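*Asks:* This is the structure I want to talk about, given as structure tokens.
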Amino acid sequence: MDNRTNTIAGWVLAGCGAALGLSIVGGMIFHDGPPEKFGFPIEAAEETGAAGAAEVPIATLLATADVAKGAEVFKKCAACHTITQGGPNGIGPNLYATMGEAIAQGKAGFAFSDALKSKGGKWDFEQMSAWLTSPRKFAPGTKMTFAGIGNGQDRANVIAYLNAQGSNLPLPAAPAAGAAPTPGPAPASEGPAGAPANPGGKADPTTDDLANKATPATGAPSVDPAAAVRGAKEDAKK
Ligand code: HEC
């Protein structure tokens, strides 16, 4: 190998080093954002339990439901249902004032299936949402041959419309999923008291420092006590 080859090899190596460094710095910058974004659904899942973590609760969707849009959605139902007061039963029962009523009862003697009759309980918002998501899953063997409404907002709109036809139940309170931060244990590193804990105070562009900056931001509106502990630990590390 002559000098020239060594020089070329040297530059190639330096280039690799620079690319690696850039990708590490890029990674640090990139990872600074997402934890806040992705951290939230995890906290919500912890609070509400594992059930239906991916689904937006029907109460939340009902808060912004639109009765007029629900009337549009109801056109899908009108093939089998009337909803005017005293309207006749068709393939399906008349649905006037059904919200709040006992499931598969009354309706001028409509012949409900045993599948639906055996459900028991009342048509509250949760039950109606489950029924309209998939009638077949809600009451296996039901006579309502309707696939269901997968879109949550459409479902909320049509439920709001049903409710407006003779029932007028109060809408359920939407769960305060982050809308109003619950006062929780503030991370130990919060506030001016945290400042003296870092006597150096110099900006240190290491991964650790970025993590420390991100932690109070993620922990602040949270009710996750682990965040406070994590914050305290990271403070102690400084
Ligand atoms: C293909 C016809 C058909 C369509 C379309 C249909 N339904 Fe039904 N529906 C029925 C039948 C039949 C029953 C009775 C089910 C049973 O007894 O198992 C029923 C029952 C119901 C009940 C129970 C009523 C009670 O008193 O317990 C509700 C609520 C309901 N339907 C709402 C809807 C809504 C809302 C839509 C539109 C999104 C819809 N249905 C679309 C046929 C239909």
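Read-outs: derived from the displayed coordinates by stated rules, not from any lab. Remember, it's a predicted structure, so these values are computed and weren't measured experimentally. We place every Cβ from the backbone using ideal geometry, glycine too, and count neighbours over all the protein chains shown.
*Asks:* Around Phe146, with a cut-off of 11 angstrom between Cβ atoms, what is the net charge of the other residues, counting Lys and Arg +1 and Asp and Glu -1?
*Replies:* On the way: positive: Lys76, Arg136, Lys143; negative: none.
Surrounding charge for Phe146 is +3.
*Asks:* Moving to a separate point now. Along segment 58-69, what does the Karplus equation 6.51 cos²θ - 1.76 cosθ + 1.60 (θ = phi - 60°) give for ³J(HN,Hα), rounded to whole Hz, x for Gly and Pro?
*Replies:* 4, 4, 5, 5, 5, 4, 10, 5, 10, 4, 5, 5
*Asks:* In addition: What residues qualify as long-range amide H neighbours of Lys122, i.e. H under 5 Å apart, gap of 5 or more or another chain, H built at 1.01 Å from N?
*Replies:* Hits under the 5 Å cutoff: Ile103.
*Asks:* Suppose the chain between Asp114 and Val56 were pulled fully straight at 0.36 nm per residue; how much longer would it get relative to their current alpha carbon spacing? Let's see the in-between values first.
*Replies:* Working: separation 58, 0.36 × 58 = 20.88 nm, distance 3.07 nm.
Separation in residues times 0.36 nm, less the Cα-Cα distance, equals 17.8 nm.
*Asks:* If you don't mind, there's one more thing I want to ask. Would you mind calculating the gained length between Leu20 and Arg136 on full extension (0.36 nm times residue separation, minus the Cα-Cα distance), in nm to one decimal? Walk me through the numbers before you get to the answer.
*Replies:* Working: separation 116, 0.36 × 116 = 41.76 nm, distance 5.50 nm.
Between Leu20 and Arg136, full extension yields 36.3 nm more.
*Asks:* While we're here: Given labels modelled 7 Å from the Cα in the Cβ direction, how far is it in nm from Thr64 to Thr7?
*Replies:* My value for the distance between the label points is 6.3 nm.
*Asks:* Label Ala102 and Glu126 with points 7 Å out from Cα along Cα→Cβ: what is the distance between them in nm?
*Replies:* 2.1 nm
*Asks:* For q = 0.11, 0.17, 0.20, 0.24 Å⁻¹, what log10 I(q)/I(0) does segment 58-164 give under the Debye formula with an equal point scatterer on each alpha carbon and no solvent?
*Replies:* Results for segment 58-164 at q = 0.11, 0.17, 0.20, 0.24 Å⁻¹ read -0.30, -0.75, -1.08, -1.62.
*Asks:* Taking amide H positions as placed in the peptide plane 1.01 Å from N, state which residues far from Asp66 in sequence (5 or more) or on other chains have amide H under 5 Å from it.
*Replies:* The answer is Asn157.
*Asks:* Output wanted: per-residue J couplings in Hz (rounded whole) for segment 71-76, from phi through Karplus 6.51 cos²θ - 1.76 cosθ + 1.60, θ = phi - 60°, x for Gly and Pro.
*Replies:* Listing the rounded values in order: 4, 5, 4, 5, 4, 5 Hz.
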